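This report refers to the structure that appears directly beneath it.
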Amino acid sequence: MIDEIMSDAESRMKKSIESFKKELAKIRTGRAHTSLLDTITVNYYGNDVPLSQTANIAVSDARTLSVTPWEKNMIQAIEKAIMMSDLGLNPATSGNVIRVPLPPLTEERRRDLTKVVRAEGESAKVAIRNIRRDVLGDFKELQKEKEITEDDERKAADRVQKLTDQYVAKVDDLLKVKEQELMEI
């Protein structure tokens with residue numbers, strides 16, 4: 001019973017870490033990365049679809065992304081979607097390829113992005129702590145129903161705390177790496 005709850009808690013905490021990694025990938029450092037355009041949707045025959053489903057996205061060089069639409073008539077729509085996004089990018093079309101140059105990050109923008117990264121990290125930690133709270137509630141419920149002893153409940157609570165500390169430390173490590181990436185020029 002306790003082991004099932006623990007394995008469920010661990011899988012939920014892993015999902016929180018994966019979600020945090022995806023959020024970090026969206027935050028721009030100095031280098032071009034295809035995941036920067038993941039949040040952009042394009043109007044494709046009346047439906048909003050992710051950019052990656054309408055075009056091939058590749059990294060041309062350290063500061064440029066190239067977007068190659070699969071259909072020639074989508075060039076204008078993709079270019080407009082990139083311009084209208086909140087990423088502050090100005091695409092340039094040359095033939096069938098849309099080039100997206102990434103402007104260098106200013107010191108002020110780097111500091112702002114660091115604050116965003118820290119906020120995302122705090123959200124991930126809160127999610128992990130909420131999982132701990134849920135699991136501790138499950139253990140209390142089992143103890144009330146006399147399915148586990150008070151000692152078992154206390155030992156399980158210690159195990160959950162260790163697991164929580166382990167995943168919070170992972171979040172801190174990811175935060176540290178991302179902040180270093182942001183601050184290097």
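Coordinate-derived values only; no laboratory data. Everything quoted here is computed from the prediction, not taken from an experiment. Every residue, glycine among them, receives a Cβ derived from its backbone with ideal geometry; neighbour counts consider all protein chains shown.
Here's how it looks for T64: its modeled amide H is under 5 Å from those of A32, L102, which are all 5 or more places away or on a different chain. Counting charges near T164 (Lys, Arg +1; Asp, Glu -1) among other residues having Cβ under 12 Å from its Cβ returns a value of +4.
Residue ranges 46-54, 168-176 sort as 168-176, 46-54 when ordered by packing (mean number of other C-beta atoms within 10 Å per residue, highest first).
Lysine pair count for region 44-172 (Cα-Cα distance under 25 Å; residues 8 or more apart in sequence or on different chains): 15. Projecting the Cα atoms of V117, L136, V100 onto the charge dipole of the chain (Cβ charges, centred on the Cα centre) puts V100 farthest toward the positive pole. For region 122-157, trypsin sites (Lys or Arg not before Pro) are listed when DSSP marks them as loop and at most 11 other Cβ atoms sit within 10 Å of their Cβ; the list is K146. Taking mean projected area of the Cα convex hull in nm² straight from the coordinates, which label in (1) 13.2; (2) 10.2; (3) 15.5 is the correct one? Here the calculated entry is (1). Computed from Cα atoms, the angle from the helix 150-183 axis to the main principal axis of the chain rounds to 20 degrees.
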